[in-house]
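These notes concern the structure reproduced below.
The values are calculated or read from the model by the stated rules, or taken from the named source; none is laboratory data. If you're wondering where the values come from, they're calculated on a predicted model, not measured in any experiment. Cβ placement follows ideal geometry from the backbone for every residue including glycine, while neighbour counts extend to all protein chains displayed. The accessibility values were calculated without ligands, DNA or RNA, using every heavy atom of the protein model including side chains. Shrake-Rupley method; radii C 1.70, N 1.55, O 1.52, S 1.80 Å.
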Amino acid sequence: MAMIAIDGPAASGKSTVGRLLAEQLNYLYLDTGCMYRAVTWAALQQNIDIGDETAVTQLAHDIQMEIYPVRDEEADGRHYTVHVAGQDITWELRTPAVDANVSQVSSYLGVRQEMVKRQRAFGERGAVVMVGRDIGTVVMPDAPLKLYITASAEERARRRTRDRSEQGHIANYDDILADVLRRDQIDSSRTHSPLRPAADAILIDSTDQPPAAIVNAILQMIQEPVNGER
Ligand code: CDP
């Protein structure tokens, strides 16, 4: 099994589960959300109007983006490093301004096509756990294991509030809950690659389960294949 696709709504725990799973299995890990976030960050940085689909799409094509595992000298709690045009923007991706605009950027077809192309190229590098919104449905529809991780909106907002305050931001639960619900709404109702589980995805509710328990359950699933299929 060389591909594991994980999808789910904002702050559902999918990135943590994906990262731990990749570590355990010694697979590559790609959090595709950071790519849409990087395009959004660059658009804001360059004062490109987020509503200008042509300009944002052009930017998505031109952007020089690199994602790689954390080097010793970079270790500051990050889980991977993102460079845009050689600049380390890993933490810039988590600001409220990026949160507020990323769902609009990722609703553009041309932006998605370019990111999906890059994600598939990353997948060619080896066994991979890929996390996002459309991995099981669009990016890797042939992945032998697809997971869709959800949690209640309140629990997701609590987790995101904790993450953001640990990262040194002022984090207000009500604002974060509103952002999570707003992004879920845009991500689920967009025309291109809306957020939804693949028909053959395993649904996991993480509301009352810590990531380690979910990872253990998945590892067991892989080791004890149903009908010897995997
Ligand atoms: O971490 P969180 O779940 O809040 O978000 P993320 O995974 O970093 O994704 C940020 C945004 O990028 C999402 O709200 C989607 O609008 C978009 N996205 C997408 O459209 N397709 C993906 N495969 C991954 C993210």
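Of the GluC sites (Glu not before Pro) in the range 67-165, the ones in a loop by DSSP (not H, G, I, E or B) with at most 10 other beta carbons within 10 Å are GLU124.
Centroid-to-centroid, using Cα positions, the range 1-38 and the range 166-230 are 10 Å apart. Of ASN26, ASN47, ASN172, the residue with the greatest mean-square motion in the GNM of the chain, using alpha carbon springs below 10 Å, is ASN47. Between MET130, MET115, MET65, the residue with the greatest mean-square fluctuation in the GNM of the chain (Cα pairs under 10 Å linked by springs) is MET65. On a C-alpha basis, how far is the centre of the range 70-110 from the centre of the range 125-152 in Å? Whole number, if you could? When both Cα centres are located, 20 Å separates them. Here the accessible area is traced with a 1.4 Å probe on the protein chains. For the chain, carbon and sulfur cover 48 percent of it. Calculated FRET efficiency, GLN223 and TYR68, Cβ-Cβ r, R0 45 Å, to nearest 0.05? Calculated value: 0.95. By the Kirkwood approach, averaging reciprocal distances over each pair of separate Cα atoms, the range 3-218 gets a hydrodynamic radius of 17.4 Å. Its Cα centre serving as origin, the chain has a Cβ charge dipole (Lys and Arg +1, Asp and Glu -1) of approximately 300 debye. Under a Gaussian network description of the chain, with springs only between Cα atoms under 10 Å, the residue in ARG19, ARG190, ARG125 that fluctuates furthest is ARG125.
Per residue, the chain exposes 48 Å² of accessible surface when a 1.4 Å probe is rolled over the protein heavy atoms with every protein chain present.
For SER152 and GLU53, the FRET efficiency from 1/(1 + (r/R0)^6), where r spans their Cβ atoms and R0 equals 45 Å, is about 0.85.
Largest first, the residues ARG196, ARG133 sort by 1.4 Å accessible area into ARG196, ARG133.
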